[in-house]
Amino acid sequence: HSLKGSAGQFGEAALEASAALMEQAAADADIATMVAALLQLEMQGLTLAARQPGPSEKTGKPDDV
């Protein structure tokens, strides 16, 4: 539930939808849908992580300094 709300706060609609799917599947004890939602959440997490700036982009310094 918290992930769904946080995703909505940050405008991450796909992440919010997957979290909502997971929440409903858990309430329904629907294991197959929970697995599918978990895979979606994992892919969206990787996508979000890839969009984050690296250390040199954050500080303006090379990574090895």
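The values are calculated or read from the model by the stated rules, or taken from the named source; none is laboratory data. Everything numeric in this text was worked out from a predicted model, so none of it was measured. No Cβ is skipped: glycine too gets one built from the backbone with ideal geometry, and neighbour counts run over all protein chains shown.
Values computed for the structure shown
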quantity	calculated
Tabulated pairs, segment 33-52, first loosely packed, with under 15 Cβ neighbours inside 10 Å, second in a helix (DSSP H, G or I), C-beta under 7 angstrom, 6+ apart or interchain	L38/M22
Qualifying positions in segment 9-36 - closer than 21 Å to R51 by Cα and not polar (S, T, N, Q)	F10, G11, E12, A13, A14, L15, E16, A17, A19
Selection count, segment 13-65, where residues are in contact with a Ser or Thr (Cβ under 7 Å, 6 or more places away or on another chain) and either farther than 22 Å from H1 by Cβ or modelled with pLDDT under 90 (or both)	2
